[in-house]
Amino acid sequence: MPDVLTSTGDAMARKRVAVLISGRGSNMVSLIEAAKAQDYPAEIALVVSNRSDAAGLAHARGAGIATEVVDHTRFGKDREAFERALQAVLEQHRIELVCLAGFMRLLTPWFIERWPGRMLNIHPALLPAFKGLHTHERAIADGAKTHGATVHFVVPEMDSGPTIAQAEVPVLATDTPETLAARVLVVEHRIYPEALRRVADGIATIAAP
Ligand code: GRF
């Protein structure tokens, strides 16, 4: 049966998304795969890494996606100079939405305020629980019965913006941080594409201040 293109499935209407990574890029891959669907409202137009050795870059190139490296070490301690370079790259590629996916740089208000309601992050915990790093170790150490992942809008306070999607997994008595991380990663790969779809469709929005 021939595919039917509706106006919402029109490639012209898709939001141009940049995925920012620092390493493996498995969440980036889940977004790339989801965006292959004809009715997906976003296209992955660019992958940016702050590290030239990020494994995800090779996958993105193999998928025919434009990649850029903005090496933060070139800017020393000047975070805003790094972010101005990053912003310039995003503007050159006419990016409309930004997805942080294992992007290991803290962002300043200067940059975050350029993307209100247009920048998403995935965090491997049930926010507001376990903000910051080493979430799986901390969930086990705290005796948490459930753990999970959250996709949220990025606001200046770290790991604190409005939630777009969240999914729970059980914590098992036998779990190590690695086994728990693997269980969480499965739901990350499900909820990030769902959350991006909702934002690109205009269904999930950030409340105006
Ligand atoms: C994921 O667990 C994500 O939630 C966290 O960093 C990890 C990145 O993994 N922010 P990947 O690079 O997407 O595979």
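The values are calculated or read from the model by the stated rules, or taken from the named source; none is laboratory data. Everything quoted here is computed from the prediction, not taken from an experiment. Every residue, glycine as well, gets a Cβ built from its backbone with ideal geometry; the counts of neighbours run over all protein chains shown. What goes into the accessible areas is simple: the full protein's heavy atoms, side chains included, and nothing from ligands, DNA or RNA. Shrake-Rupley method; radii C 1.70, N 1.55, O 1.52, S 1.80 Å.
Points worth noting:
- Straight-distance crosslink candidates among lysines, where the alpha carbon sits under 21 Å from Lys15 and sequence neighbours closer than 8 are dropped: Lys36
- Computed E for Ala88/Thr146 - FRET, C-beta separation, R0 45 angstrom, nearest 0.05: 0.60
- Working from label points 7 Å from Cα in the Cα-to-Cβ sense, the Ala81 to Lys36 distance is 4.2 nm.
- Solvent-accessible area per residue in the chain equals 51 Å², computed with a 1.4 angstrom probe and all protein chains kept.
- 3J(HN,Hα) couplings calculated from phi for the range 76-93 with the Karplus curve 6.51 cos²θ - 1.76 cosθ + 1.60 (θ = phi - 60°) are, in sequence order, x, 8, 7, 4, 5, 5, 4, 5, 5, 5, 5, 4, 4, 5, 5, 5, 4, 8 Hz; Gly and Pro show x.
- Net charge of the neighbourhood of Leu185, taken over other residues with C-beta under 11 Å away and scored Lys/Arg +1, Asp/Glu -1, is +1.
- Average Cα contact separation per residue, the chain, under 8 Å, 6 or more apart, as relative contact order %: 19 percent
- If the chain linking Thr179 and Arg74 were pulled fully straight, counting 0.36 nm for each residue of separation and taking away their Cα-Cα distance, it would gain 34.2 nm.
- Percent RCO, i.e. relative contact order, over the range 18-67, from Cα pairs under 8 Å lying at least 6 residues apart: 44 percent
- Virtual paramagnetic centre 7 Å along Cα→Cβ of Leu106, amide N under 14 Å, in the range 156-186: 156-160
- Contour minus Cα-Cα distance for Leu172 and Ala55 (0.36 nm per residue): 39.1 nm
- From most to least packed by mean Cβ count within 10 Å, the peptides 15-23, 71-79, 175-183 give 15-23, 175-183, 71-79.
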